[in-house]
Amino acid sequence: MITEAILAILNPSVLLFMLIGVVVGALIGALPGLSVVMAISILTPITFGLEPAQGLAMLMGVYNSGVWAGGISAILVNTPGTPASIMTTLDGYAMTKRGEAGLALGINVIYSALGGLISSIILMFAAFPIAKFALKFGPAEYFALALFGLSMIIGISEKSVLKGIMMGCLGFLMATVGLDSMYAYPRYTFGMIDLLQGISYVPVMIGLFGFGEVLSQVYENKKSERDTEKKKIGRIIPTWKMIKDFAPLTTLSALASVIVGAIPGAGGDIASIICWDQAKKVSKDKENYGKGSAEGLAVTCISNNGIIGGAMTTMLTLGIPGDGVTAVLIGSLMMYGMQPGPMMFIESKPFVYQLMVMMVVANLMFLVFGLLTSKASASLLNLKEQYVWTAIVILSIVGSYAVSNSIFDVIIMFVCGVAGFF
């Protein structure tokens, strides 16, 4: 069955559509605010006229490539392209500032591909056990996970725990805005219809990490310093010693992120935060985490794409989306006449195997594509600061608006950007 699936995926037309998906995913993922969910949503109707294998190959290419590409802007301009690459900014941008942009981009693509490959292989052999584990998650487990996430505020905000706690409380306050989930009672909406659905996560993220970063750089105006730094790209492929040193923590992070991905509602951002925080506690290089640690960057990158296999496992075996992208993919599969769930492994077994092989091929494809285009990506550092700032502001506005076609989200982005700057 696996052999037949491999032969079906190696069809030139299927590979061509997958390559198109990889390129589109790379472009959209690298642009701040334009999420992978958005890309899949836009492309799904376009793939309706294609054969199922061709259409799903394009969507798998976008999914795997887009998550990796989010780290490109995070590394080069300290602005995450996707929510999953928020933690990439901590070590990736610090490496860029000290002239190691090429190495940071190389680690990003290599370990993102490794995370995707490991999770794809686990999907092939352990789909049902992981799905059964995820099904056991109830209110108590979700509460424990939330409490665990909140405790990471202390780990991340080493210099000033008080500031970290204040920001955590601010997050709590922002989360209370909108309709109460139990009684649908409006909270802190001040009669504004736009606030009934709450404050959207993506505009806040874009404002804090995108527009806020631009304001910060304009204020500091370290032009002379950047002129000497930005010309340094350096090597792209990490040394064999680095790969061996990173192996224990990156392997554990990949396995942990698969489990996090299998939990409905979790995503790459949660997986990367958990894995980075835990790796920092046991690493020999813990002092450099958040200050340009190549190991810390490798851990976050392998975690970003490592969740894909877990999310796909939950979606395929239970029909429950593991993250936002798989929620859209459920609709794509139904469009092709397949209903995700246990019966899919009986009624559409050949196609399930094809889907698993697609994920492996998509990771290998974006690995090659990413390494070939790393120098071109790093050449963005040679642009004048003013051009980069202008592009980020424009993309921040477009990305915020595109979430729900709302000017209000753009206002939220600007407000959060100014607040983040101060």
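Just a few scattered comments:
- In the structure shown, the pairs Lys97/Lys281; Lys244/Lys281; Lys244/Lys349; Lys281/Lys349; Lys280/Lys349; Lys244/Lys291 are assessed against 31 Å; a Cα-Cα span above that value is assigned to Lys244/Lys349; Lys281/Lys349; Lys280/Lys349.
- Ordering of 303-314, 83-94, 361-372 by packing [mean C-beta count within 10 Å, highest first]: 303-314, 83-94, 361-372
- Binned Cα-Cα distance frequencies in the range 295-354 - 5 Å width, integer %: 5, 18, 25, 22, 12, 8, 6, 4, 1
- Ordering of 104-115, 21-32 by burial proxy (mean other Cβ atoms within 10 Å per residue, highest first): 104-115, 21-32
- Taking every DSSP helix (H) stretch of at least 4 residues in the chain, weighting each as -39,500 (n - 2.57) and dividing the sum by the residue count yields a mean residue ellipticity at 222 nm of -24000 deg cm²/dmol.
- Extreme residue, positive dipole direction of the chain, given options Gln339, Ile407, Gln217 (C-beta unit charges): Gln217
- Here the relative contact order of the chain, from alpha carbon pairs under 8 Å that lie six or more residues apart, stands at 28 percent.
- Prolate/oblate/rounded label for the range 296-395 (Cα gyration tensor, a/c 1.5): prolate
- Correct option for Cα extents along the principal axes in Å [calculated from the coordinates] among (1) 60, 56, 42; (2) 69, 54, 43; (3) 79, 49, 36: (1)
- For Thr189, the residues whose amide H sits under 5 Å from its own are Gly178, ignoring neighbours fewer than 5 places away on the same chain, with H placed 1.01 Å from N.
Coordinate-derived values only; no laboratory data. Every value quoted in this text rests on a predicted model; they were computed, and no experiment measured them. As a convention, Cβ positions derive from the backbone with ideal geometry for all residues, glycine included, and neighbour counts pool all protein chains shown.
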